[in-house]
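Following: one structure in structure tokens, then a few remarks.
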Amino acid sequence: MSALDLRRRELRERQGAGARYDAPEAPAEVLDLMRRGTANFARLLNDLPDAALYEAVPRWPTRAHIVAMVGLQARAMCTALAALQRGENASGDIAWSVARSAIDVTASLPPRALRNLFAHSQVHLHVVLRDLRGEDWGIALESRSGQSWTIADIPHRRATTLWQAAADLENGAVLG
């Protein structure tokens with residue numbers, strides 16, 4: 001039994017009956033990487049003073065743009081996954097990148113709103129992923145550009161976004 005499996009079992013024992021968990025078919029290790037990436041990004045974001053959100057950083061006009069992108073991407077993923085759960089075809093709607101115009105507008109929000117966007121979008125995405133049925137993880141999808149992938153690819157792509165965005169904040173993150 002891996003350390004992650006042991007921690008999951010201990011958590012289930014502490015939480016008791018009625019708690020909800022990832023389906024056994026869910027990609028546990030990648031979900032763990034995504035969740036740790038979320039916690040890391042949140043820590044770095046919360047350590048930033050409000051004024052620092054509007055400072056320029058390499059690759060981005062401001063840190064607020066990074067926060068906006070991360071929050072909006074999570075919202076887009078939630079919207080598409082909800083459509084899939086309703087049986088609608090949302091293949092091309094799961095956006096790995098968010099429209100620059102939406103990021104620019106969102107980045108103009110006050111600090112508290114940006115921080116809330118990040119926090120709420122993360123909780124929403126984690127709940128949506130946690131509540132996927134086992135068979136949902138294998139659903140094959142195709143993007144508008146013709147790229148094939150499955151729902152199980154979402155946590156890995158999200159983890160990549162979170163860890164890169166944490167480094168882009170230039171607030172002490174190290175990719176390694």
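The values are calculated or read from the model by the stated rules, or taken from the named source; none is laboratory data. All of these numbers come straight from a predicted model, not from anything done at the bench. Neighbour counts run over all protein chains shown; Cβ positions are idealised from the backbone, glycine included. The accessibility values were calculated without ligands, DNA or RNA, using every heavy atom of the protein model including side chains. Shrake-Rupley method; radii C 1.70, N 1.55, O 1.52, S 1.80 Å.
Here is a list of conditions, (1) over 17 Å from Glu29 (Cα atoms); (2) in a helix (DSSP H, G or I); (3) within 19 Å of the chain's Cα centre (by Cα), and Glu135 meets all of them except one; can you say which number that is?
Checking Glu135 against (1) over 17 Å from Glu29 (Cα atoms); (2) in a helix (DSSP H, G or I); (3) within 19 Å of the chain's Cα centre (by Cα), the one that fails is (3).
For the stretch 20-34, enumerate the residues that are assigned to a loop (DSSP other than H, G, I, E, B) and open to solvent by 40 Å² or more (accessible area, probe 1.4 Å). First the steps, then the outcome.
Of the residues in the stretch 20-34, the ones assigned to a loop (DSSP other than H, G, I, E, B) are 20-27.
Correct list: Arg20, Tyr21, Pro24, Glu25.
In this structure, does Leu117 turn out to be modelled with pLDDT of 95 or more, surrounded by 15 or more Cβ atoms within 10 Å (Cβ to Cβ), touching a helix residue (DSSP H, G or I) at 6+ places or on another chain (Cβ under 9 Å) and not in a helix (DSSP H, G or I)?
Values: modelled with pLDDT of 95 or more: yes; surrounded by 15 or more Cβ atoms within 10 Å (Cβ to Cβ): yes; touching a helix residue (DSSP H, G or I) at 6+ places or on another chain (Cβ under 9 Å): yes; not in a helix (DSSP H, G or I): no.
Considered against the rule, which asks whether it is modelled with pLDDT of 95 or more, surrounded by 15 or more Cβ atoms within 10 Å (Cβ to Cβ), touching a helix residue (DSSP H, G or I) at 6+ places or on another chain (Cβ under 9 Å) and not in a helix (DSSP H, G or I), Leu117 comes out as no.
Among the residues of the stretch 35-72, count how many are part of a loop (DSSP other than H, G, I, E, B), in contact (Cβ under 8 Å) with a residue 60 or more places away in the chain and of a type in the set (Val, Ile, Thr). Give the steps one after another, and end with the answer.
First, pick out the residues of the stretch 35-72 that are part of a loop (DSSP other than H, G, I, E, B): 48-49, 55-56, 58-59, 61-62.
From the residues that got through so far, the ones that are in contact (Cβ under 8 Å) with a residue 60 or more places away in the chain too are 48, 58-59.
Pick out the ones that are also of a type in the set (Val, Ile, Thr) and you get none.
Within the stretch 35-72, residues that are part of a loop (DSSP other than H, G, I, E, B), in contact (Cβ under 8 Å) with a residue 60 or more places away in the chain and of a type in the set (Val, Ile, Thr) number 0.
Within the set of pairs 6+ apart or on separate chains, which have a first residue in the stretch 140-156 that is over 24 Å from Val123 (Cβ atoms) and in a loop (DSSP other than H, G, I, E, B), a second that is open to solvent by less than 90 Å² (accessible area, probe 1.4 Å) and modelled with pLDDT of 80 or more, and C-beta atoms under 7 Å apart?
Close Cβ pairs (under 7 Å, with a partner that is open to solvent by less than 90 Å² (accessible area, probe 1.4 Å) and modelled with pLDDT of 80 or more) do not exist here.
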